[in-house]
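Student: Pasting a structure here, questions to come.
Please treat every number below as a calculation from the coordinates, not as lab data. Every value quoted in this text rests on a predicted model; they were computed, and no experiment measured them. Here the Cβ positions follow ideal geometry from the backbone for every residue, glycine too, while neighbour counts run over all protein chains shown.
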Amino acid sequence: MSEPNEADVRAEVSAWLKENWDPNLGLVEWREKLIDSGWGAPTWPVEWYGKGYSDMLGRAIDEEFDKIGAVTVARTGIRNLAAATILVHGSELHKKKFLRRILTGEDTWCQLFSEPGSGSDLAGATSRADKKGNKWIVNGQKVWTTSAHHAQYGLLLARTDWDVAKHKGLSYFILDIEQDGVEVVPLKQMNGHASFNQVFFTDAEIEPEFQVGELGEGWAIATTTLMHERRGADGLRRWQEASDRKGRCYEEEAEEIAHQLEPYKWYPQRAGRVDLVIERAKETGKNTDPAVRQEIAKLMIMAKSAEWTARRARAAQEQGQAQGPGGSIGKLTSSNVAKQAAHVHTMITGANAMLTGEDSPMDGTIAEILVSFPATSIAGGTDEIQRNIISERVLKMPKETRMDADMPFRDVPRNVVPDR
């Protein structure tokens with residue numbers, strides 16, 4: 001079935017907003033109304049609160065919301081990854097229980113993937129889920145878990161079979177974070193923030209209905225989650241911003257955004273702050289230095305190329321192409337831009353870039369860039385992982401030799417040995 005005309009859709013949503021938008025409604029009350037209309041998540045399936053529209057029409061609808069300043073459904077944090085994964089792989093129960101509350105913002109999520117003993121080798125996860133009676137019992141540890149300290153639910157990748165190859169022995173679960181068997185411990189970063197957490201599982205319980213997909217499908221389902229995460233790192237991520245308009249709905253949304261985005265407030269520095277480079281060069285007089293000018297030009301070319309690459313990927317998505325390994329191109333490009341930006345900031349600021357605090361350049365922003373940008377090369381899969389994905393799945397080059405690809409995971413040498 002062909003999509004409706006964009007102009008007609010804009011007129012329809014504009015008329016609906018004119019009749020229904022009220023900034024004095026409570027935030028959840030407004031979102032409930034919005035969800036029922038289908039305009040809150042128009043790209044979702046009709047049977048799950050959407051209208052089945054393309055991303056292109058979804059963006060047009062967002063523009064109509066922006067025109068009058070109407071509040072949208074919740075879009076911050078890991079909840080977007082949870083929704084994307086559940087829509088593709090979740091059961092009817094998962095969709096009924098979680099999708100609506102993701103849109104209202106009543107539930108907060110985290111992603112329980114990385115582990116201290118396996119680094120970027122996600123398939124080497126050793127946190128285990130064992131079936132005992134009618135429940136899954138989880139033991140192990142996760143790390144670098146953003147927002148776990150205020151999450152209700154986690155997307156968990158755990159090992160359920162030690163006697164098959166490592167990619168085949170993983171299963172995917174939805175875990176209740178607030179139970180007694182889960183301990184969340186914040187990690188202090190070198191930039192002074194504490195966005196990440198260690199999460200320890202000691203006989204944590206999962207009801208069988210909260211297994212996502214079939215046993216052994218965890219790797220494939222995690223790939224869906226990661227593809228959406230990497231697409232969000234391509235430089236075109238749209239963060240929700242609080243409005244200074246008056247009304248209960250605006251005020252409650254501002255509180256929600258401040259709470260949800262607190263762990264991410266250093267992310268602009270992580271990306272390198274390309275937007276500050278020209279201003280800083282002029283302030284310091286480095287804009288007349290030919291060597292600095294050359295590196296600035298290189299950075300601006302890289303940044304603009306990255307933007308075009310991201311827009312091309314988004315255009316393909318709007319035309320109906322599914323999320324794929326191409327997201328790794330945007331992820332790797334953003335990492336390269338951040339590295340070059342940090343290099344340029346160092347050239348411009350010199351030794352003063354090492355100073356922190358109020359007396360340092362831009363109240364410590366430059367120093368924060370320099371200690372934050374390495375995270376871009378790690379989070380969501382290291383640069384090396386992205387290069388492998390691009391070479392093998394985009395360019396169709398021969399796969400890297402992996403000695404443990406077909407070996408039973410129980411026999412794979414590693415730092416953590418399971419009970420035998």
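Student: Which order do Met227, Met362, Met190 fall in if you start with the one that has the fewest other Cβ atoms within 10 Å?
Tutor: Details: Met227 22, Met362 16, Met190 9.
So the residues, fewest neighbours to most, are Met190, Met362, Met227.
Student: In addition: Along the Cα→Cβ direction, 7 angstrom out, place labels at Thr346 and Leu93. What is the inter-label distance in nm?
Tutor: Simple spin-label model gives 5.3 nm for this pair.
Student: Relative contact order for the chain: what percent, with Cα pairs under 8 Å and sequence separation of 6 or more? Don't skip to the end; give the middle numbers.
Tutor: Numbers: 694 pairs, mean separation 63.6, N = 420.
Dividing the mean separation by the residue count of the chain yields 15 percent.
Student: If the elastic network links every pair of Cα atoms under 10 Å, which of Ala194, Ala11, Ala84 fluctuates the most in the Gaussian network model of the chain?
Tutor: Most flexible of the set in this elastic network: Ala11.
Student: Here's another thing I want to ask about it. Past the 30 Å Cα-Cα mark, which pairs from Lys67/Lys265; Lys95/Lys339; Lys96/Lys132?
Tutor: In this structure, Lys95/Lys339 lie more than 30 Å apart at Cα.
Student: Can you bin region 6-68 into rounded, prolate or oblate? Criterion: square roots of the alpha carbon gyration tensor eigenvalues sorted a ≥ b ≥ c, rounded for a/c under 1.5, prolate for a/b above b/c, oblate for the rest.
Tutor: Because a/c hits 1.5 or more and a/b fails to exceed b/c, region 6-68 counts as oblate.
Student: Using a Gaussian network model of the chain whose springs link C-alpha atoms within less than 10 Å, name the residue from Arg312, Arg159, Arg100 with the highest mean-square fluctuation.
Tutor: Arg312
Student: Extension gain Ile301-Asp275, at 0.36 nm per residue separation less the Cα-Cα distance, in nm?
Tutor: Here the segment from Ile301 to Asp275 would lengthen by 8.0 nm.
Student: While we're looking at this one, here's another question. Go ahead and collect, in residue order, the members of region 346-379 whose backbone nitrogen is under 11 Å from a label point 7 Å along the Cα-Cβ direction of Ala291.
Tutor: Counting only backbone N, you get 347-348.
Student: For Cys110, Cys249, which order do you get if you count the other beta carbons within 10 Å of each Cβ and list the fewest first?
Tutor: Final ranking by Cβ density, sparse to dense: Cys249, Cys110.
Student: By the gyration tensor of its Cα atoms, with a ≥ b ≥ c the square roots of the eigenvalues, what is the shape of region 271-378: rounded for a/c under 1.5, prolate for a/b over b/c, or oblate?
Tutor: Because a/c hits 1.5 or more and a/b exceeds b/c, region 271-378 counts as prolate.
Student: Report the equivalent ellipsoid semi-axes for region 79-219 in whole Å, largest first, defined as the square roots of five times the eigenvalues of the gyration tensor built from alpha carbon atoms.
Tutor: Working: eigenvalues 91, 80, 39 Å².
Largest first, region 79-219 gives 21, 20, 14 Å.
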